[in-house]
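Here is the structure we will look at, set down as structure tokens.
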């Protein structure tokens, strides 16, 4: 069944209340040309995120203004046979900040199962329009290629790919694909060499892509994870789980300079879902709390203050 089209218009914005350790900073914050914010000044580009209704929204971290990108999402699955549920997730900005991609899942309840169709959409804030760029693909991840309006993506490992421990059926291996979001042209970016490829990571200039090969079934499961380099690569932020492998007592968002072995805790809580750097390295946006009830907070890297700006998770900062 074809996916339901998204509305081209954006709803009228509304305003949320703002609430308002000295780490190293890549650059000085971008000044705000407004009398509304008198402290050091937020990096003022939009933060896109998933909200509690499984829609994509954008928040201005200076004013708290929120704009809806999608409106048909629902966190509640329709369990009536034939019933449909739409959910949106995984927002990602192009490197120039002009386009926002996100995943759409259309779920249809059958008698004995829940069928899911996965699509990728792109939204252009300047024209307030959106369009589908990938339809009915079993995605295992995607990423914008820096300096372009192309998305690299990975198709999920096929059933039957693993034939024994450490043994795979190479004929079922997938490489890294690429779609031009303007023309819709799809091409193979990196061909597999016996193993399916996952986790594409681009160099900042978009000239190199790294990836992993799927060799074993087991995951990684480390207690320090989700490393994110600052925009100029001088610092590394990552999440640390505290406790044991059987019981994690909480998480910390940690900052470390690349040329130092000293680290600093920026944020802690029962759960830190995801986080992202601002384009100038002066701020971090993070999702604090459990999936479905988390808050989007902004950390000022100059003075360590933490400000709640919205409710949701998976924040990504417009460049």
**Request:** Compute the Kirkwood hydrodynamic radius of the stretch 67-210, taking the inverse of the mean of 1/r over all pairs of distinct Cα atoms, and give it in Å to one decimal.
**Result:** 16.8
**Asked** Ranked by Cβ crowding within 10 angstrom, fewest neighbours first, how are 103, 67 ordered?
**Response** 67, 103
**Complete:** Most exposed first, judged by fewest Cβ atoms within 10 angstrom, 260, 152, 287, 140 run 260, 140, 152, 287
**Contour minus Cα-Cα distance for residue 128 and residue 293 (0.36 nm per residue)** = 56.6 nm
**Rg(Cα) / (2.2 N^0.38 Å) computed for the stretch 165-208, rounded to two decimals** = 1.41
**Request:** Mind sorting 139, 197 by how few other Cβ atoms lie within 10 Å of their own Cβ, fewest first?
**Result:** 139, 197
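Values quoted throughout were computed directly from the atomic coordinates according to the rules given, and no laboratory measurement underlies them. Bear in mind the structure is a predicted one, so any value in this text is a computation, not a measurement. Cβ coordinates were reconstructed from backbone atoms using ideal geometry, including for glycine residues, and neighbour counts include every protein chain displayed.
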